Amino acid sequence: MNLITKIPFLLFLLMNLTSYGSYASSSLERSDGTKIEYYLEMASHSGASDTLFVFFQGSDCNSVKHNDLIKQLSQATLQSADLLLIEKAGINSSLPYVVNAERADCPRFYIQNDSIQQRAKDANVVVSKVLEDNAYKNVIALGGSEGAVVAALFAADYRMVNGVVMLNGGGQWFLDDVIHNIKSTTPESELNSVLEGFKGFASHILKSEPFDIEVSHHGYIWWESALTIDQKEILSRVNVPVLVIQGGRDTSVSVDAVGTLIEDLHNLDKGNIELITIPEMDHGLSDPAGLKMVEDIAKYISEWLKAV
């Protein structure tokens, strides 16, 4: 069983500048010589933008360039903002977009090297370069699902953003969210065996030295990263305004765990973090009719940006 279908992240010169529609596609090199692919879309208005949205996608094996929802949400939120998208390790725009989580062409390098920490490190490299070339007054990190965690970690570790928006990012621990998902989506007759199976898998990851594995298009590095990251610790280190938007119909992460996380942070005097729950929204940002709630989400983010 593919667990992700059940549950629904040194600097060299800029190179290979080409045009992909309205995006400028570029790459930078990591210290090991591998490339970080990224895309910068300038807002369609006269004059230079003073705001940069850095958008992080979720955990799927797809090129971020082909994620139309990100572009729609960015434009609906603030049309005058430039948009920066960063590929995961081993992925570029030549990878076709596939909705089904099962695919045979997921790059091996991605499976072996992708992690939440790696995505935050790559963002540091790319955003540093983009800020050298553009005088942005505001940099806002946004992300959905795993991308929300990446956005928060990037803000905590590198301190170059003015705000963070997290969409359906889950509670303090990934394991709790997976257990919530299993309980929400598994028939009663299979529940105990699926729960024990995943708990055993998670325990094996945490107790083992790195080994070759692929589960749901992710390798050991990703699983170890996801299972050990503490979102409360991360957000306790973020001092810029944070907006957490959580769907009430989300079966991929625990709505209760998200509420507990924010309450715990408020008890730590983290008054910079605000939670908005949208009761009718699911993990894919859709309403009960299956329609994407882009305008609703954009309105909340826009009002929050004006307030902070």
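Just so it is clear, none of the values below were taken in a lab; they were calculated from the coordinates. Computed from a predicted structure; not experimentally measured. Quick reminder, even Gly has a Cβ in these numbers, built from the backbone with ideal geometry, and neighbours come from all protein chains shown.
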Legend entry - 10 °C / 1.306 mPa s Stokes-Einstein diffusion coefficient of the stretch 192-308, Kirkwood radius on C-alpha pairs, µm²/s: 95
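Mind checking the alpha-carbon convex hull of the stretch 130-232 and giving the volume per residue in Å³? All intermediate terms of the calculation are to be shown ahead of the outcome.
Working: hull volume 13.5 nm³, N = 103.
Each residue corresponds to 131 Å³ of Cα convex hull volume.
Only helical DSSP H runs with n ≥ 4 go in: add -39500 (n - 2.57) per run for the chain, normalise by residue count and round the 222 nm mean residue ellipticity to 500 deg cm²/dmol.
Numbers: 11 runs with 125 residues, N = 308.
Helices in the chain give a 222 nm mean residue ellipticity of -12500 deg cm²/dmol.
Could you work out the equivalent-ellipsoid semi-axes for the stretch 198-265, taking the square root of 5 times each eigenvalue of the Cα gyration tensor, largest first, in whole Å?
Details: eigenvalues 150, 48, 25 Å².
Three semi-axes, in Å: 27, 16, 11.
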Inset, instruction - Quick one: check the C-alpha center-to-center distance for the stretch 186-259 versus the stretch 86-148, whole angstrom. - result: 19
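For the stretch 162-250, run through the chymotrypsin sites (Phe, Trp or Tyr not before Pro) and keep only the ones in DSSP coil with at most 14 other Cβ atoms within 10 Å of their Cβ. Show your work: numbers first, answer last.
Details: sites: Trp173, Phe174, Phe198, Phe201, Phe211, Tyr220, Trp222, Trp223; in loops: Trp173, Phe211.
Answer by residue number: Phe211.
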Legend entry - For the stretch 77-208, the Rg and Dmax computed from alpha carbons only, in angstrom: 18.0, 58
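Over the chain, what is the percentage of antiparallel beta bridges among all DSSP beta bridges, to the nearest 5?
Values: 17 of 42 bridges.
Roughly 40 percent of the beta bridges in the chain run antiparallel, per DSSP.
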Inset, instruction - Please give the peptides 141-152, 258-269 ranked by average Cβ packing (other Cβ atoms within 10 Å per residue), highest first, as a rough proxy for protection. - result: 141-152, 258-269
Legend entry - Phi-based couplings in Hz for the stretch 278-291 (Karplus 6.51, -1.76, 1.60; Gly and Pro marked x): 9, x, 8, 8, 9, 5, x, 6, 10, 8, x, 8, x, 8
Inset, instruction - May I ask you to compute the full-extension gain from Ser184 to Ser302, defined as 0.36 nm times their residue separation minus their alpha-carbon distance, rounded to one decimal in nm? - result: 39.3 nm
Inset, instruction - With N denoting the number of residues in the stretch 169-208, provide Rg(C-alpha) divided by 2.2 N^0.38 Å, to two decimal places. - result: 1.21
Inset, instruction - Would you kindly calculate the translational diffusion coefficient of the chain, applying Stokes-Einstein with the Kirkwood radius from alpha carbon pairs, for 20 °C and a viscosity of 1.002 mPa s, and quote it in µm² s⁻¹ without decimals? - result: 108
Inset, instruction - Once you have all Cα-Cα distances for the stretch 111-166, histogram them in 5 Å bins from zero and send the whole-percent values. - result: 4, 20, 30, 25, 13, 6, 1, 0
Legend entry - Cα-based convex hull, the stretch 84-139, per residue volume (Å³, whole number): 111
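Which FRET efficiency value, to the nearest 0.05, is calculated for Glu263 and Asp157 with the Förster distance at 25 angstrom and r the Cβ-Cβ distance?
Values: r = 24 Å, r/R0 = 0.97.
The computed FRET efficiency comes out at 0.55.
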Inset, instruction - Starting from the coordinates of the alpha-carbon atoms of the stretch 58-114, obtain the Kirkwood hydrodynamic radius over all distinct pairs and give the value in Å to one decimal. - result: 12.5
